[in-house]
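Here the structure is laid out as structure tokens; the discussion comes afterwards.
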Amino acid sequence: MKKINLLLACFAMFALVFTSCTKDDATGDNSGEKATLSFGAIVNDLANKSTNKQSDVDDLPVCSDDTPFYVEIVLLQGEEAIVGETGAPQRIDLVAGQVFTEEDPLLELDPGTYTLDHFAVYNEGGTLIWLAPKGGVLAEFVDNPLPLNISLGAGVKKYVDVSVLCFDDRDVNEYGYLFFEFDKTEAFKFCFFANYCPPEDNGKHKTANYSVNIWLGTDNTGTPLYTNESPVTSVNADGDYTAATTCFPLPVNDDLDEPYLYYEVTLLDWPGNYGTVAPNTVKSGVLTAQDVMDNFVGEDDVDYEHLRFGCDDDTTPPMDSDNDGVIDDNDDCPDTPAGTEVDSDGCPVNGGDQDSDEDGVLDSIDECDNTPVGATVNEVGCPDSDGDGVFDNIDNCDDTPSGVEVDANGCPVGGNGCVDLPAPCELDVPSELEEYCFETYVQEADSNGWITINSAAEFDLYYDEGVVAEVLSEVSITLNGSAVNVTLDSPIADQDRITAYAIEIRPSEDGTMSTTCWESQCANVTGEDQFGPIVNVFEEFEYSYPFYVRVSTISCFTPDVTPGG
């Protein structure tokens, strides 16, 4: 992460634009009509700190030791472009041999609040070498991703931090004319690809489907970085099953030989290709920074980590599905209950203990002896009948409604609230989205997608395009009496449309979001209705501020129109 300390210099007179400034400096005259925005850069630090190279593929930033020469910006005030605009950012040169930008009359601004919407740094040849991420996965690696609000007051000068990452080869986030210095953090790219050799196919390698989990740490108790990420799979024109490599930007570790990342790759079913697979077929391992760098190929490419499930060159131990110590190939009783003493063929010694309800737990330790067939049970044979995450043997409220937050005893948190509500509906996401269609989200939402509504509000709905989050549709939320109105629309272009949506509303309960009361509306939208606006009214409860909203859509744009926000 590079931190760009931006100096916002507001002067009473234009003649003072290049007066030297300090962080705490302020002019004595606040009566000027204009505020002047200027910046410089401690550019030598940028090159000195660039110690690693990365491959120029997909959305992985590529670090460079090139000397910064100029910056480009888009600066907004509200929705209005003030300096530069989307698709046509404003270039601001650095003074030759100096660390300051040249004077530009475009940056004489009225005092007020502005938004830095794009920021990029270029070398003399016009190659983008550093950028400030705007949403997406890479935003997690910086302190303050774009958009960034900037307040300019006449006669006041102050620094603002903008964080940038190494180069991604797309036109993203530009900016200019402030003092800044760089303190960068690089991200490595690491990719997986997998094959599976079904036992019945005599070693034939088939393209595999799988899910990837990665933690910062040396086991799965570390900090999750990626959860249940899977490749894009398809069938090509020749009828062959294909899967793209699955790639991840990963944080760099200064100690190249210290294990600091842990991954688990789970083989998934793939109907039509190889069918179903044994559950919990997993490959796992730890990574060092050197392991990641070993997959780099020269300056420009990166190889993938090739995993093979069940193939001749597979080093995974043979499967023992019932964990009785006898591998499946030699096990005549492959479903032996846990804890049963077995012979060399994997069968209970002298008939062994019984498992009357066939839940995989022997009767001698089974505390729930009538478990329904197929139910998942814990180590003492008890299911979780109400699906609240607390098994029946310790659940004091064994009929909790679906989705209700519960305590360690399985009872609702925060009182009784509502009971017997149907589970909230969910967005109907097809296995393959149409071209130019994307699942959207609200950037201001928390990690679970919730927005706290304290007054009438309007939010953009974004989709991720690499490291850039683009606006594709919007949602307006108002309180009409005690009912909530939620309006979805696609205002970017006439032919943009919304094909599906899911909205959930929860009232406040004791000053926080209710864990037991909700209502939801979901739909697949057809015909002219797709072009909006789409209005939904929620009136099951007596709503008042604050209340809580979670919304997502599948929105599509026309190929000849670039969505933006």
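The values are calculated or read from the model by the stated rules, or taken from the named source; none is laboratory data. Since the model is a prediction, treat every value here as computed from it, not as a measurement. We place every Cβ from the backbone using ideal geometry, glycine too, and count neighbours over all the protein chains shown. Just so you know, the surface numbers come from the protein's heavy atoms only, side chains and all, with ligands and any DNA or RNA stripped out. Shrake-Rupley method; radii C 1.70, N 1.55, O 1.52, S 1.80 Å.
Every residue, every condition in (1) touching a residue at least 24 places away in the same chain (Cβ under 8 Å); (2) of a type outside the set (D, E, K, R); (3) open to solvent by 40 Å² or more (accessible area, probe 1.4 Å), yes or no:
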| position | (1), (2), (3) |
| --- | --- |
| ASN236 | no, yes, yes |
| THR245 | yes, yes, yes |
| GLU258 | yes, no, yes |
| GLY272 | yes, yes, yes |
| VAL282 | no, yes, yes |
| VAL297 | yes, yes, yes |
| LEU307 | yes, yes, no |
| GLU341 | no, no, yes |
| PRO348 | no, yes, yes |
Review point. Only one of VAL292, VAL286, VAL297 is of a type in the set (A, V, I, L, M), in contact with a Pro (Cβ under 6 Å, 6 or more places away or on another chain) and farther than 19 Å from PRO198 by Cα; which?
Key: VAL286
Point to revise | Residues satisfying the stated conditions in the stretch 390-405, i.e. in contact with an Asp or Glu (Cβ under 7 Å, 6 or more places away or on another chain), open to solvent by 20 Å² or more (accessible area, probe 1.4 Å) and modelled with pLDDT of 75 or more | key: PHE391, ASP392, ASN393
Review point. Has the stretch 496-514 got at least one residue that is touching a Phe, Trp or Tyr at 6+ places or on another chain (Cβ under 7 Å), within 30 Å of ALA120 (Cα to Cα) and modelled with pLDDT under 95?
Key: yes
Check your understanding: If you scan the stretch 98-142, which residues turn out to be modelled with pLDDT of 70 or more and open to solvent by 30 Å² or more (accessible area, probe 1.4 Å)?
Key -> PRO105, LEU106, GLU108, ASP110, PRO111, THR113, GLU124, GLY125, GLY126, THR127
Study note, to complete from the structure: The one condition ILE534 fails out of (1) closer than 19 Å to SER476 by Cβ; (2) within 26 Å of the chain's Cα centre (by Cα); (3) buried (at least 20 other Cβ atoms within 10 Å of the Cβ); (4) modelled with pLDDT of 90 or more is (2)
Study note, to complete from the structure: Of the residues in the stretch 65-85, those that are open to solvent by 20 Å² or more (accessible area, probe 1.4 Å) and more than 21 Å from THR113 (Cβ to Cβ) number 5
Check your understanding: Name the pairs whose Cβ atoms lie under 8 Å apart, with the first residue in the stretch 388-411 and on the phi > 0 side of the Ramachandran plot, the second among the charged types (D, E, K, R) and surrounded by fewer than 20 Cβ atoms within 10 Å (Cβ to Cβ), and 6 or more positions between them or separate chains?
Key -> GLY410/ASP386; GLY410/ASP398
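Looking at the stretch 72-97, which of the residues that are part of a strand (DSSP E or B) and modelled with pLDDT under 80 is farthest from GLU124 (Cα to Cα)?
Here the answer is ILE92.
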Point to revise | Conditions (1) surrounded by 21 or more Cβ atoms within 10 Å (Cβ to Cβ); (2) among the hydrophobic types (A, V, I, L, M, F, W, C); (3) over 27 Å from the mean Cα position of the chain (by Cα); number of the one not met by ALA469 | key: (3)
Check your understanding: Checking SER552 against (1) under 22 Å from ASP464 (Cβ atoms); (2) small (Gly, Ala, Ser); (3) surrounded by fewer than 21 Cβ atoms within 10 Å (Cβ to Cβ), which test does it fail?
Key -> (3)
**Study point:** Tabulated pairs, the stretch 490-512, first more than 26 Å from TYR545 (Cβ to Cβ), second surrounded by fewer than 20 Cβ atoms within 10 Å (Cβ to Cβ) and among the charged types (D, E, K, R), C-beta under 7 angstrom, 6+ apart or interchain
**Key:** ALA500/ASP428
Revision key, fill the gap. Residues of the stretch 298-323 being at pLDDT 70 or above and of a type outside the set (Asp, Glu), in sequence order, are GLY298, VAL302, TYR304, HIS306, LEU307, ARG308, PHE309, GLY310, CYS311, SER321, ASN323
